[in-house]
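Chemist: Take a look at the following structure, please.
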Amino acid sequence: MAFAITQTCCNDATCVAVCPVNCIHPTPAERAFGSTEMLHIDPKTCIDCGACADACPVDAVFPVDRLPDGLREYARLNSAYFEPGGPGGTERAPETTDTGPNFHAWGAPAFDRVLPPDFGPLRVAIVGTGPAGMYAAKDLLLHTRAEVTLIDRLPVAGGLVRYGVAPDHAATRKVGETFARFHTHPRVRMYLGLDVGTDITAEELAAHHDAVVYAVGAATDRRLGIPGEDRPGCVSATTFVAWYNAHPEVAPDAVDLSAERVVVVGNGNVALDVARILVTDPEALAGTQIAGHALAELRRSKVREVVVLGRRGPQDAAYTRSELLALKHLPGVDLLIDDHDPRIGTTIDAATPRDKAAVLRGLPRESVDWSVPPDAGGRPRRIVFRFLSAPVAVCGDEDARALRVTGGTGEREIPAGLVLRAVGYRGVPQAGLPFDEATWTVPNERGRVTGRPGTYVVGWSKRGPSGGIGANRACAAETVGSLLADAVAGTLTPAAGGPRAFRRLVRRRRR
């Protein structure tokens, strides 16, 4: 019986590396790897060895015959990927052996990232302990003799894994346990609650290390650019996610759930996370790592309806198929498509099985009367998808009272006491580094920061806010490769101060 990859796939491709029969695609050597929503197992090639399940850092791999009820659709999704005309039939990485079409060539292990034997250990500082920074640290610690200083401005390590993953995605959060093992590595020193740019300068950090890698992510959200956006009751999804994950910089009372209807502007995975948390039975969240203050507010919540608003049609939605499928299995929650524009239904009906819009087929559709209260007739909580609608203004006297949208038959107002914008993240300038205001990234070439020898960048601050946790693995490998090449070439300036001197500096600044 074959295995199948399910919703929580993080795309870090550890499973690809351990598969003995090359049945998991796309691989990092295939063009589709950089844009795929998830990896897939070919059921015709899988030999049921279970190596992928053992290696998966987020528990996304299951035997097909043991898939839980809510995940059974993934057996079909994995298989469909490899069917004639499916995405998996368009490209394959070159085979590495002539002993058979499906087997890797086995030979002596190659450690192509190891520095020459006579090369002394590098001292590398990594600013940020999220996935990007920890993949870089893991690469350095496993493949070189580097001494790594981990720095985070927050009092708890983890970055996006700790403060950006929904609490009911416990399997995804497990990747943090993999990273945490390196926090106590004998060649690691970690400083939490230390802000580069405030407590110490970028120049001081560089002076005490041979190289510095910044993994500071995209710390804030994109704005809608519409009137009323700054009213109380219009909150960024970034703040909402941080609120339910107990981020120390977001107040416990930052979110008020006294409104019956909430509009979430955006239709990416963050928008679906926010919508799902708002309508999930709070008791189902009680056993998760959700913040206590958030759980208490959700228990008091009056929210009955969440409207997920998308500018584009269902064929162009930014969420992944797996996250949308998860919504279909929420107990006690109805899903509805606002059929206000005939193009929406036409698109869904014409979608092929490989189109994302096909997942919406079978959901009820109606032209929603927004004047009807969300709890009319005692109906259950629900999520309403409204496509082909653009926000125009947040309306109200002081607080948000409605969102004016345009699309289909023209402008109209959707009454809502809370508007959450979930239209993407953006980077902010980091002290001591150049910054590109157009792309919200640090200008770099393969991770080398422009005009700053010995300084590197990885993750969203390097490539922009795209890709999930696993995408940072290849990103970090490229940056670390650039760093090691520079070390061998002799272009790094040796550290002027050692670990003790840096420790004394940090102690002085924290007084």
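The values are calculated or read from the model by the stated rules, or taken from the named source; none is laboratory data. As the structure is a prediction and not an experimental result, all values here were calculated from the model. No Cβ is skipped: glycine too gets one built from the backbone with ideal geometry, and neighbour counts run over all protein chains shown.
Chemist: Can you find a residue that is within 22 Å of the chain's Cα centre (by Cα) and without any contact (Cβ under 8 Å) to a residue 60 or more places away in the chain anywhere in region 476-490?
Modeler: Narrowing region 476-490 to residues within 22 Å of the chain's Cα centre (by Cα): 476-480.
Retained after the next criterion (residues that are without any contact (Cβ under 8 Å) to a residue 60 or more places away in the chain): 478.
Yes, the conditions are met somewhere in region 476-490.
Chemist: Still on this model: Taking region 374-406, which residues are out of contact with any strand residue (DSSP E or B) (no Cβ under 6 Å at 6 or more places or on another chain), modelled with pLDDT under 90 and surrounded by 18 or more Cβ atoms within 10 Å (Cβ to Cβ)?
Modeler: 396
Chemist: Considering only region 173-208, how many residues are closer than 16 Å to residue 154 by Cα and in contact with a Lys or Arg (Cβ under 9 Å, 6 or more places away or on another chain)?
Modeler: Of the residues in region 173-208, the ones closer than 16 Å to residue 154 by Cα are 176, 180, 183, 189-200.
Those still in the list that are in contact with a Lys or Arg (Cβ under 9 Å, 6 or more places away or on another chain) too: 176, 189, 191-200.
Residues that pass the stated criteria total 12.
Chemist: Looking at 343, 354, which is the one that is touching a residue at least 40 places away in the same chain (Cβ under 8 Å), among the basic types (Lys, Arg) and in a helix (DSSP H, G or I)? Working first, answer last.
Modeler: Numbers: 354 fails: in a helix (DSSP H, G or I).
Result: 343 is the single residue among 343, 354 that is touching a residue at least 40 places away in the same chain (Cβ under 8 Å), among the basic types (Lys, Arg) and in a helix (DSSP H, G or I).
Chemist: How about region 257-337: which helices (runs of 4 or more DSSP H) wholly inside it have at least 2 residues that are over 22 Å from the mean Cα position of the chain (by Cα)?
Modeler: Values: elements: 269-279, 282-285, 292-300, 321-327.
Output list reads 282-285, 292-300.
Chemist: Follow-up question, since we're still on this one. Filtering region 155-202 down to residues that are of a type in the set (D, E, K, R) and in a loop (DSSP other than H, G, I, E, B), which residue is nearest to residue 142 (Cα to Cα)? Steps first, please.
Modeler: Pass one, region 155-202, residues of a type in the set (D, E, K, R): 162, 168, 173-174, 177, 181, 187, 189, 195, 199.
Narrowing the set further to residues that are in a loop (DSSP other than H, G, I, E, B) leaves 168, 174, 187, 195, 199.
Details: 168: 32, 174: 20, 187: 11, 195: 27, 199: 30 Å.
Among them, the one singled out is 187.
Chemist: Would you point out which residue out of 246, 242, 206 is in a loop (DSSP other than H, G, I, E, B), small (Gly, Ala, Ser) and either surrounded by fewer than 24 Cβ atoms within 10 Å (Cβ to Cβ) or modelled with pLDDT under 95 (or both)?
Modeler: Numbers: 242 fails: in a loop (DSSP other than H, G, I, E, B); 206 fails: in a loop (DSSP other than H, G, I, E, B).
Just one listed residue meets the conditions, 246.
Chemist: Could you identify the single residue in 308, 333 that is touching a Pro at 6+ places or on another chain (Cβ under 9 Å) and either without any contact (Cβ under 8 Å) to a residue 40 or more places away in the chain or not charged (D, E, K, R) (or both)? Can you show your working first?
Modeler: Working: 308 fails: touching a Pro at 6+ places or on another chain (Cβ under 9 Å).
The conditions single out 333.
Chemist: To continue, here is another question. Within region 359-369, does at least one residue satisfy the condition of being touching a helix residue (DSSP H, G or I) at 6+ places or on another chain (Cβ under 9 Å), crowded, with 21+ Cβ neighbours inside 10 Å and touching a residue at least 40 places away in the same chain (Cβ under 8 Å)?
Modeler: yes
Chemist: While we're here: Only one of 196, 213, 127, 175 is among the hydrophobic types (A, V, I, L, M, F, W, C), under 30 Å from residue 331 (Cα atoms) and in contact with a helix residue (DSSP H, G or I) (Cβ under 9 Å, 6 or more places away or on another chain); which?
Modeler: Details: 196 fails: under 30 Å from residue 331 (Cα atoms); 213 fails: under 30 Å from residue 331 (Cα atoms); 127 fails: under 30 Å from residue 331 (Cα atoms).
When all the criteria are applied, what remains is 175.
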